[in-house]
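Undergrad: Structure provided below as structure tokens; questions to follow.
The values are calculated or read from the model by the stated rules, or taken from the named source; none is laboratory data. Everything numeric here is computed off the predicted structure, so don't read it as measured data. Positions of Cβ are backbone-derived with ideal geometry, glycine not excepted, and every protein chain shown enters the neighbour counts. Heads up: the accessible areas ignore ligands, DNA and RNA and are worked out on the full protein's heavy atoms, side chains in. Shrake-Rupley method; radii C 1.70, N 1.55, O 1.52, S 1.80 Å.
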Amino acid sequence: MNKTKLNIIAIADSQSSVGQYVLVFEAEGTDKRITINVGRSEAQSIAVHLQQQDLKRPMTHDLMKTVLEAGQLHLKEIRMVDLVDDIFYAKLVLIDDDGSQVQIDARMSDAVALALRCDRHIFIHDDLLARIGLSTDLSYAIANQPKTLKDFSADELKNMLQESVSKEAF
């Protein structure tokens, strides 16, 4: 399956959900962006790492990294694989010292926090990107923006009014 690398470009308070945060990704080499909602603790874990803050004690995702390493497992990458009922699904792709690979289901927010700590890439399946990616190319939207009343001449407005009255479309 083809995949595209995601880069984190922002983390912010959610405007629609109290106590939630929005994580914004940019799909590398495209004009697409992906947003996911994350909880407070996951947002804090991600932000602490992005801001390179030193903590006296390990956070949960630091612990996960240590457990993987102690078990001689290495995170190869994470993959955003699906979105069902507004819930993102991710896979942790792990490799042991013998080169055997296993994929483990994970919440996207936890997978991101772990990937950051392990300095690994975050990917999205291309079919999912095509389905949910938000384009940042506004040229189409600007070119096809609906006209406002001030964009019409008096004659055009009069004709539209007469047409609406004749069709009783008012």
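Undergrad: Taking the C-alpha atoms of the chain, how large are the radius of gyration and the largest Cα-Cα span, Dmax, in Å?
TA: Gyration radius and largest Cα-Cα distance of the chain: 23.2, 79 Å.
Undergrad: Using per-residue counts of other Cβ atoms within 10 Å, averaged over each peptide, order 32-43, 67-78 from highest down.
TA: Descending mean neighbour count gives 32-43, 67-78.
Undergrad: Where only protein heavy atoms count, and the probe is 1.4 Å, what is the accessible area per residue for the chain in Å²?
TA: 67
Undergrad: Right, next: Carbon and sulfur together cover what percent of the accessible area of the chain at a 1.4 Å probe radius?
TA: C and S fraction of accessible area: 50 percent.
Undergrad: Related question: Can you compute 3J(HN,Hα) from phi for each residue in region 50-56, using the Karplus curve 6.51 cos²θ - 1.76 cosθ + 1.60 with θ = phi - 60°, rounded to whole Hz and x for Gly and Pro?
TA: Along region 50-56, the couplings run 4, 8, 6, 7, 8, 10, 5 Hz.
Undergrad: Still on this structure, I have one more. With the contact rule set at Cα under 8 Å and sequence spacing of 6 or more, what percent relative contact order holds for the chain?
TA: Contact order relative to length: 22 percent.
Undergrad: Just to be sure I understand the model, the point goes 7 Å from the Cα along the line to the Cβ. What's the resulting residue 119 to residue 131 distance in nm?
TA: Roughly 3.4 nm, to one decimal.
Undergrad: Sticking with this structure for a sec: Run through every distinct alpha carbon pair of region 22-70 and return the Kirkwood hydrodynamic radius in angstroms, one decimal place.
TA: Computed over Cα pairs of region 22-70, the Kirkwood hydrodynamic radius comes out at 12.7 Å.
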